[in-house]
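> So that we are looking at the same thing, I have put the structure below in structure tokens.
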2 protein chains.
Amino acid sequence: MVQVAPDWIAVDWGTSRLRVWAMQGATAREQRQSEDGLTGLTPDAFEPALLRLAGDWIGPDGMDIVACGMVGARQGWHEVPYVAVPTAPPVAAAVRSPAIDTRVRLWIVPGMKQASPPDVMRGEETQIAGFLALNKGWDGVICLPGTHTKWVHVSAGEVVSFQTALTGELFALLARHSTLRHSIAETGWDEDAFAAALDQARSRPERLAAALFALRADDLLNGCPPDTARARLSGLLIGADLAASRAYWLGQQVAVIGASETAAPYVRALQLQGVPATVADGDRMTLAGLTAAHRAL
Amino acid sequence: MVQVAPDWIAVDWGTSRLRVWAMQGATAREQRQSEDGLTGLTPDAFEPALLRLAGDWIGPDGMDIVACGMVGARQGWHEVPYVAVPTAPPVAAAVRSPAIDTRVRLWIVPGMKQASPPDVMRGEETQIAGFLALNKGWDGVICLPGTHTKWVHVSAGEVVSFQTALTGELFALLARHSTLRHSIAETGWDEDAFAAALDQARSRPERLAAALFALRADDLLNGCPPDTARARLSGLLIGADLAASRAYWLGQQVAVIGASETAAPYVRALQLQGVPATVADGDRMTLAGLTAAHRAL
């Protein structure tokens, strides 16, 4: 139980997970989460899922609930249009969205879009806003590794451009659902193998399709250990990501936003290119961004 | 029913499918197939699966059964060691393998392996042997598109080197199991979109990871038609494959072995690079290779 009643509720609603925080000002008093991600929900199931998880935090006078993430997508609770770059991350433009329970004052933070090359994000804009709120005047490139890794060019408080790579999703598909799955461990690591594969993919990115199959062949012929293969797969895919995003990070000040286990290989990969990177915790940035959104209501 | 009794049985046993032919000399009199691919079979289930499908072709005196494909893999019926390149495709080295039914005289064609870069094949060596049996003295590069596309350098009747790319498997994973699946049709085509994406991936292969996500973003922002997205995904992945295999096909005589729908986009892709390619039917090459194996018993 929360000892002191919250004044608002922060919500990060993604594809696979719903997370809520009982907030007092900028401070999270309690955090809860459920598996009620977008994937399993029909539009009329969002409000019950939220009330199941956080309903007891909402008093009879109602409460502001500020949400970011895929909740605002076409398959989400309410679709909220993207804001086009260049723009400040649009946390000050949260959209009031209807709810059946009149105590629920729902606000959804819009995502961002880029016309050319076509690109979109939902959720990361809030983390970027949080990072900029905590690092006033910061210019440079923000890397947000994950299922869909984002590289974001920030200047004078605005997102100028961004680029998404399927890196995390490719890793999961290849490691769990492809022929390579027989050769790749669920956990474990080999730092030297990671660095070598990263270098291989960075310097010869055009050979990726062949380098991936070689992981399987190297196991069949030489019994490559599965934790080594796991680190090599990560190195190949992050190397390919770095090759694709070179124009973003080369010679730039870089911040990596994410959970430590997700951020670590990117930080290491950037270090190996001679690019030092600041690390910022993903959850902390989400909360700082949602707090900025709440203050702007 | 076969009108005239076969003298031997040709078998192509892959991951997802078992196919058998009742052969008289080099001529197939009847073909049958079942879904008894390797994936669903324990080692003791291979012989019953074969007898269910082709048992009535085998007389009381027994019969030579010549098999190629994953049947000789570690997870197959009997493991048959790879033969190292450089070597002629080892159809003349089929390995006699035990069976419980004494009428079954089982022979399994070995696959090929390459030490560096590590690579393996099982099944394609038989198609290559078939192609070389039908095209005496042919030198050049053979492309075998599929789940795992192979590029094979052939000289003086021997396989000198080869390279595998995960192209077909990546296409299936991305089109059916990734975020892109929402934007990609099961069928349909757009030739101009294919050619443009191919060119994009060929000339900027290092941008593949970002180009893939752009397929999804282009649908969300611009409503890119799903058959166009399908052709673009194929173009990106085959373009990446061509970039990886450039040292194989550039300036070479190329033959593409495969079913027409699998071979067609590769033939078109090679034409767009100014490389004319001969096409050879995959099933016909398999039978010609197994026939060469049978003659060599």
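No value in this document is a laboratory result; all are computed from the given coordinates. Bear in mind the structure is a predicted one, so any value in this text is a computation, not a measurement. Note: ideal-geometry Cβ built from the backbone for every residue, glycine included; neighbour counts use all protein chains shown.
> Where the label is 7 Å out from Cα toward Cβ, how close does residue A:186 come to the same position in every other copy, in nm, shortest first?
3.2
> Now for a different question. Using the basic label-point model (7 angstrom from Cα toward the beta carbon), what is the residue B:253 to residue B:158 distance in nanometres?
For the pair residue B:253/residue B:158, the computed spacing is 1.9 nm.
> Also, I was wondering about something else. For residue B:279, place a label point 7 Å out from Cα along the Cα→Cβ vector, do the same in each other copy, and report the separations in nm, one decimal, smallest first.
5.3
> Can you list the HN-Hα couplings for the range B:200-213, worked out from phi with the Karplus curve (6.51, -1.76, 1.60; θ = phi - 60°), rounded to whole Hz and with x for Gly and Pro?
4, 6, 5, 7, 10, x, 5, 9, 3, 4, 7, 4, 5, 5
> Tell me, what ³J(HN,Hα) does each residue in the range A:223-234 have, in order and in whole Hz, if you take phi through Karplus 6.51 cos²θ - 1.76 cosθ + 1.60 with θ = phi - 60° and put x for Gly and Pro?
Going residue by residue, I get x, 3, x, x, 6, 5, 4, 4, 5, 5, 4, 4 Hz, with x marking Gly and Pro.
> I need B:78, B:182, B:294 ordered by Cβ neighbour count within 10 Å, fewest first.
Numbers: B:78 17, B:182 13, B:294 21.
Going from least to most buried by this count: B:182, B:78, B:294.
> What distance in nm separates the simple spin-label points at residue A:35 and residue A:271, each placed 7 Å from Cα in the Cβ direction?
Roughly 3.6 nm, to one decimal.
> Another question about this same structure. Any idea which of A:171, A:10, A:34 is furthest toward the positive side of the dipole for chain A, if Lys and Arg beta-carbons carry +1 and Asp and Glu beta-carbons -1?
After comparing all options, I get A:171.
> Whats the longest run of chain B with zero trypsin sites (Lys or Arg not before Pro) that are DSSP loop and have at most 12 other Cβ atoms within 10 Å?
Numbers: sites that count: B:74, B:136.
Value returned for the longest uninterrupted segment is B:137-297.
> Could you tell me which GluC sites (Glu not before Pro) in the range B:167-203 are loop residues by DSSP with no more than 16 other beta carbons within 10 angstrom of their beta carbon?
Passing sites in the range B:167-203 are B:186.
> Turning to a different aspect of this structure: When a footprinting reagent is the concern and you count Cβ atoms within 10 Å, what order do A:107, A:151 take, fewest first?
Details: A:107 22, A:151 25.
Fewest-to-most ranking of A:107, A:151: A:107, A:151.
> Here is a follow-up. Within straight cross-link reach of residue B:150, meaning Cα distance under 12 Å, which aspartates and glutamates are found once same-chain residues fewer than 8 apart are removed?
Within reach: B:119, B:124, B:125, B:241.
> OK, next. Tell me the relative contact order for chain B as a rounded percent, counting alpha carbon contacts under 8 Å between residues six or more apart. Spell out each step's value before the answer.
Numbers: 617 pairs, mean separation 49.8, N = 297.
Answer for chain B is 17 percent.
> Please state the charge dipole magnitude for chain A, taken about the Cα centre, from unit charges on C-beta atoms (+1 on K and R, -1 on D and E), reported in debye and rounded to the nearest 20. It would help to have the intermediate numbers written out before the result.
Numbers: 25 positive and 31 negative charges, 77 e Å.
Dipole about the Cα centre, nearest 20: 360 debye.
> Exposure proxy check: B:125, A:79 ranked by fewest other beta carbons within 10 Å? Spell out each step's value before the answer.
On the way: B:125 29, A:79 16.
In order of increasing Cβ crowding within 10 Å: A:79, B:125.
> Follow-up question, since we're still on this one. Rank A:92, A:63, A:159 by how far each Cα sits towards the positive end of the charge dipole of chain A (+1 on Lys, Arg Cβ; -1 on Asp, Glu Cβ) and give me just the farthest.
Of A:92, A:63, A:159, it is A:159.
> Starting from a Cα-only point model with no solvent, please compute log10 I(q)/I(0) by Debye for the protein assembly as shown at q = 0.12 1/Å.
Rounded to two decimals, the profile gives -1.13.
> Taking amide hydrogens as modeled 1.01 Å from N in the peptide plane, which residues meet the under 5 Å criterion relative to residue B:17, leaving out close sequence neighbours?
B:37, B:38
> Rounded, prolate or oblate: which fits the range B:1-143, taking a ≥ b ≥ c as square roots of the Cα gyration tensor eigenvalues, rounded meaning a/c under 1.5, else prolate when a/b beats b/c? Mind dumping the intermediate values first?
Values: a/c = 2.00, a/b = 1.37, b/c = 1.46.
Oblate, since a/c reaches 1.5 and b/c is not below a/b.
> At R0 = 41 Å, how high is the FRET efficiency between residue B:101 and residue A:186 if r is their beta carbon distance? Nearest 0.05 is fine. Walk me through the intermediate numbers first.
On the way: r = 41 Å, r/R0 = 0.99.
It comes out at approximately 0.50.
> How big is the charge dipole of the range B:165-281 about its Cα centre, in debye rounded to the nearest 20, if each Lys and Arg gets +1 on its Cβ and each Asp and Glu gets -1 on its Cβ?
Numbers: 10 positive and 13 negative charges, 68 e Å.
So the magnitude is around 320 debye.
> Between the label point of residue B:52 and that of the same position in each other copy, find the distances and list them shortest first in nm, with every label point placed 7 Å from Cα along the Cα-to-C-beta direction.
Label-point distances to the other copies, shortest first: 4.1 nm.
> Here is a follow-up. Would you compute the Debye intensity of the range B:165-281 from its alpha-carbon atoms alone, equal scatterers and no solvent, and pass along log10 I(q)/I(0) at q = 0.17 Å⁻¹ to two decimals?
Cα-only, vacuum Debye calculation for the range B:165-281: -0.80.
> With chain B rotated onto chain A, spot the residue of B whose Cβ lies nearest the axis and note the distance in whole Å.
Nearest Cβ to the rotation axis, residue and whole-Å distance: B:173, 2.
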